[in-house]
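The values are calculated or read from the model by the stated rules, or taken from the named source; none is laboratory data. Keep in mind the model is a prediction, meaning the values are calculated, not measured. Virtual Cβ from ideal backbone geometry, glycine too; neighbours counted across all protein chains shown. Note: areas computed on protein heavy atoms with side chains; ligands, DNA, RNA excluded. Shrake-Rupley method; radii C 1.70, N 1.55, O 1.52, S 1.80 Å.
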Protein chains: 2
Amino acid sequence: MNRFGVIMDDRKRMVLSAIVNDYIATAEPVGSRTIVRKYKLGVSPATVRNEMADLEELGYVQQPHTSAGRIPSDRGYRYYVDYLMQQRELTGEEAALICKEYESKVKDIGQVIQRTGQLLSQLTQCAAMVLKPQSGMSAFKHIQLVPIFQSNAIVIVVMDTGTVHNRMIDLPESVTPADLETVSSVLNAKLQGLTMEKIKLVLIKEIYNELVGHRHFVDLAMELIQDSFSLKSEDKVYLGGVFNILNQPEFHNVEKVKTLLSLLEQEEQLCSLLAVKENTGAVTVRIGGEINHKDIQECSMVTASYQVGDRVVGSIGVLGPTRMEYAKVIGIIDFMRKSLSQALERVFQG
Amino acid sequence: MNRFGVIMDDRKRMVLSAIVNDYIATAEPVGSRTIVRKYKLGVSPATVRNEMADLEELGYVQQPHTSAGRIPSDRGYRYYVDYLMQQRELTGEEAALICKEYESKVKDIGQVIQRTGQLLSQLTQCAAMVLKPQSGMSAFKHIQLVPIFQSNAIVIVVMDTGTVHNRMIDLPESVTPADLETVSSVLNAKLQGLTMEKIKLVLIKEIYNELVGHRHFVDLAMELIQDSFSLKSEDKVYLGGVFNILNQPEFHNVEKVKTLLSLLEQEEQLCSLLAVKENTGAVTVRIGGEINHKDIQECSMVTASYQVGDRVVGSIGVLGPTRMEYAKVIGIIDFMRKSLSQALERVFQG
DNA sequence: TGTTAGCACTCTATCTTTATGAGTGCTAAA
DNA sequence: TTTAGCACTCATAAAGATAGAGTGCTAACA
């Protein structure tokens, strides 16, 4: 109840629901006549007008100008998503497409991520992003120092989530391939199966002692291992289907497209958009200003995390106009989140 | 000389040059008055009009409509690029920016590629693409089979250009980590330093004989090695700075933007755009229809290949409107091509 | 007290009309 | 060969006219 004494009731909820549904479908402000005609409330347009005035009072809808219909406000969408929207099962076609994608054997994590993103954007008609498995949660599996030329080598680090990192290092003149082999095997023996914290706190000294004389590039290797855990300077997220949202009338303004594109080209920004705070399995919906980013005030994001076993390792999400089909998108994200988790599970526990 | 007996002469060349320069700068059709005023030809507008009519006859310029100035045709740009344009040295600022980028030590090939692309798009104000070092030209360096769980492992292949490929494979129940070690070292010993052709033709049988009993996953490993050479299913090209070209008035039409974006999101398409036919070091300019792709009739591409030693391993390029600043862009591409080649050289020969 | 018909009013979007002016091609004179 | 002069074209912008969707308010009604 607000200061005018207006409170939400069932009919207002029906009207709000009608407004949101119709606006999502048509992208046009919704008038009282339309609501009565299409949604059969059994009352007159005048009554609906009164309700709409109340809904505006409550902050759920707004008028672009005096003689236009109403469009939902961010708050209206929020109410809709939380209370009004009815869940929508995937169509057989959608489900089939997803299942088919994940039934084939996983050859390469990167490829699974990419295909997931493509499918997601195709099904939701939004821009899709997929955060690759993050090493923060995974454990060290294997390290290998591969000599390339006299003076440099590649350090390869494999995590137990199947991700592989590599980087180039310089070698002191004196180092032989055999030395590299030694270092590789000591590191492997000592670090196997550990997470970053343990590596950091417990074992560094021990390794140092064992590898006296190779400290220089043990340092470099450790630096890489550390980077691997924090995923520095890597391709962390898949982004695709951006052109989909250009179909939406709200993006017929090139300035907006430009702002959006330059945002999406910055990987750190994508990461922060995808970073899921709560690790519950649930699907998260952020609407307009809730995203808390000035360049995408008129967009919503639907995100969810995926797991390997019981570890949350990454997340998937879509970005679309606030006027997106929430019911459909939420259903798809949830389904894909589960499918992706299962597929990865099968790889690692299978 | 064409069927009307009109031939190119110096004054026509000056007029054409003025039209192209002015149109590049303003994006507006260029009229006879403007040319006389800005480019001081020392003749009257009427004279210039006659010349322009001739240039139209020759197919170098065209009129958007009867009472507008002229704009260059693809053929006009071509003539400009081939004969009229004067080379433009990089500004100190540009050169400094590029040099600074490449003076720091290379840690990771992927990162160099990415920074190269970012710099390229920033300097040219076009969309930039960089084809990563292709393995077709490189030689096998190292393979490593890393067990992840009981039933699967990661095959890692390192090429002598410093690129690393990996993929997951299933293992038969019976295989032990020690077996993997054996296979790794046999493959390493046999394949070291060879290019694909040699591996294919000469050695497969030999390896089979040596690894009787492990044929199944030797097959898988060989498949990956093969894929590594052809770079299948991998992130082959960096793309960035697409938002830059939205500043150009020719892209104020959202339909065009959409067409372009959906093209650029397809990696195979990017590859075919970047694939350089002639491996000469020269910078290649393709204008409008010369690109031979219906979705980018109104764009030009400037590309060049880069090398490691004397092997061409990849290429860089930009995509912009046909109305791009060719002189500047060509200068930048050429400079960056050399800088990138040198930087990679330093890594591999240093 | 809640609902509805009626009506005047507002505002946008669209269409038409009307300048305006940049730029041309042609002709005839220099 | 060059140029001044002039009639002509066409896109763009501004101004006005019209239509229509939708509103809020008032008064009557159940």
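Run down B:TYR77, B:TYR60 and say which single residue is in contact (Cβ under 8 Å) with a residue 60 or more places away in the chain, away from DNA strand D (no atom under 16 Å from the Cβ) and open to solvent by less than 60 Å² (accessible area, probe 1.4 Å).
B:TYR77
The helices (runs of 4 or more DSSP H) falling completely within region B:1-95 that include 2 or more residues that are within 13 Å of DNA strand C (Cβ to nearest atom) and within 20 Å of B:TYR326 (Cβ to Cβ) map to B:10-26, B:32-39. If I filter region A:304-339 down to residues being in contact with a Gly (Cβ under 8 Å, 6 or more places away or on another chain) and open to solvent by 10 Å² or more (accessible area, probe 1.4 Å), which single residue comes out as nearest to A:ILE109 (Cα to Cα)? Filtering first and then ranking leaves A:GLN307. In the set (1) in contact (Cβ under 8 Å) with a residue 24 or more places away in the chain; (2) out of contact with any Phe, Trp or Tyr (no Cβ under 8 Å at 6 or more places or on another chain), the condition left unmet by B:SER135 is number (2). Inside region B:148-168, can you point out the residues that are open to solvent by less than 10 Å² (accessible area, probe 1.4 Å), at the interface with chain A (Cβ under 7 Å from one of its Cβ atoms) and part of a loop (DSSP other than H, G, I, E, B)? B:GLY162, the sole residue that qualifies.
Within region B:1-49, can you find the residues that are polar (S, T, N, Q) and modelled with pLDDT of 95 or more? Lay out the reasoning, then the answer.
Here is the first cut: in region B:1-49, the residues polar (S, T, N, Q) are B:2, B:17, B:21, B:26, B:32, B:34, B:44, B:47.
Across region B:1-49, the qualifying residues are B:SER17, B:ASN21, B:THR26, B:SER32, B:THR34, B:SER44, B:THR47.
Of the listed requirements (1) within 30 Å of B:CYS126 (Cβ to Cβ); (2) within 14 Å of another protein chain (Cβ to nearest Cβ), A:VAL318 misses just one: (2). Note on region A:21-37: among residues that are more than 9 Å from DNA strand D (Cβ to nearest atom) and either within 21 Å of A:VAL81 (Cα to Cα) or touching a Leu at 6+ places or on another chain (Cβ under 9 Å) (or both), the one that is nearest to the other protein chains (Cβ to nearest Cβ) is A:ALA27.
Suppose the filter is among the aliphatic types (A, V, I, L, M) and within 19 Å of B:PRO249 (Cα to Cα); does B:VAL15 pass it?
Numbers: among the aliphatic types (A, V, I, L, M): yes; within 19 Å of B:PRO249 (Cα to Cα): no.
Against the criterion (among the aliphatic types (A, V, I, L, M) and within 19 Å of B:PRO249 (Cα to Cα)), B:VAL15 does not qualify.
For region B:22-57, a residue qualifies if it is crowded, with 18+ Cβ neighbours inside 10 Å and within 33 Å of the chain's Cα centre (by Cα), and the qualifying residues are B:ASP22, B:TYR23, B:ILE24, B:PRO29, B:VAL30, B:LEU55.
For region B:92-101, indicate whether the set of residues that are open to solvent by 40 Å² or more (accessible area, probe 1.4 Å), more than 21 Å from B:MET129 (Cα to Cα) and either within 14 Å of chain A (Cβ to nearest Cβ) or within 24 Å of the chain's Cα centre (by Cα) (or both) is non-empty. Taking every residue of region B:92-101 in turn, at least one turns out to be open to solvent by 40 Å² or more (accessible area, probe 1.4 Å), more than 21 Å from B:MET129 (Cα to Cα) and either within 14 Å of chain A (Cβ to nearest Cβ) or within 24 Å of the chain's Cα centre (by Cα) (or both).
Residue-by-condition table, conditions (1) over 23 Å from A:VAL318 (Cα atoms); (2) in contact with an Asp or Glu (Cβ under 7 Å, 6 or more places away or on another chain):
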| residue | (1), (2) |
| --- | --- |
| A:LYS107 | yes, no |
| A:VAL130 | no, no |
| A:LYS141 | yes, yes |
| A:PRO147 | yes, no |
| A:GLU173 | yes, no |
| A:SER185 | yes, no |
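Considering only region A:336-350, state which residues are within 14 Å of chain B (Cβ to nearest Cβ) and assigned to a helix (DSSP H, G or I). Once the filter is applied, which keeps residues that are within 14 Å of chain B (Cβ to nearest Cβ) and assigned to a helix (DSSP H, G or I), region A:336-350 yields A:ALA343, A:LEU344, A:GLU345, A:ARG346, A:VAL347, A:PHE348, A:GLN349. Among the residues of region B:299-335, those identified as modelled with pLDDT under 95 and part of a loop (DSSP other than H, G, I, E, B) are B:GLY309, B:ASP310. Within region B:124-147, the set of residues being of a type outside the set (Val, Ile, Thr) and part of a strand (DSSP E or B) comprises B:ALA127, B:ALA128, B:MET129, B:LEU131, B:PHE140, B:LYS141, B:HIS142, B:GLN144, B:LEU145, B:PRO147.
Scanning region A:119-147 for residues that are open to solvent by 20 Å² or more (accessible area, probe 1.4 Å) and within 11 Å of chain B (Cβ to nearest Cβ) yields A:LYS141, A:HIS142, A:PRO147. Against the criterion of being within 30 Å of A:ALA343 (Cβ to Cβ), hydrophobic (A, V, I, L, M, F, W, C) and outside the structural domain of A:PRO249 (by TED's automatic domain parsing), A:ILE154 qualifies.
The set of residues in region B:246-277 that are of a type outside the set (Phe, Trp, Tyr), within 8 Å of chain A (Cβ to nearest Cβ), closer than 14 Å to A:LEU246 by Cα and part of a helix (DSSP H, G or I) comprises B:LEU246, B:VAL254, B:VAL257, B:LYS258, B:LEU261, B:SER262. Residues of region A:109-118 include at least one that is polar (S, T, N, Q), under 16 Å from the mean Cα position of the chain (by Cα), open to solvent by 10 Å² or more (accessible area, probe 1.4 Å) and at pLDDT 95 or above.
Taken residue by residue, region A:12-21 has no member that is among the hydroxyl-bearing types (Ser, Thr, Tyr), assigned by TED's automatic domain parsing to the domain that holds A:ASN247 and either open to solvent by less than 50 Å² (accessible area, probe 1.4 Å) or under 30 Å from A:ARG115 (Cβ atoms) (or both).
Under the condition of being under 33 Å from the mean Cα position of the chain (by Cα) and farther than 13 Å from B:LEU16 by Cα, which residue from region B:63-74 is nearest to DNA strand D (Cβ to nearest atom)?
We begin by selecting, within region B:63-74, every residue under 33 Å from the mean Cα position of the chain (by Cα); these are B:63-64, B:70-74.
Now narrow it down to the ones that are farther than 13 Å from B:LEU16 by Cα: B:63-64.
Values: B:GLN63: 9, B:PRO64: 7 Å.
So, considering only residues that are under 33 Å from the mean Cα position of the chain (by Cα) and farther than 13 Å from B:LEU16 by Cα, the one nearest to DNA strand D (Cβ to nearest atom) is B:PRO64.
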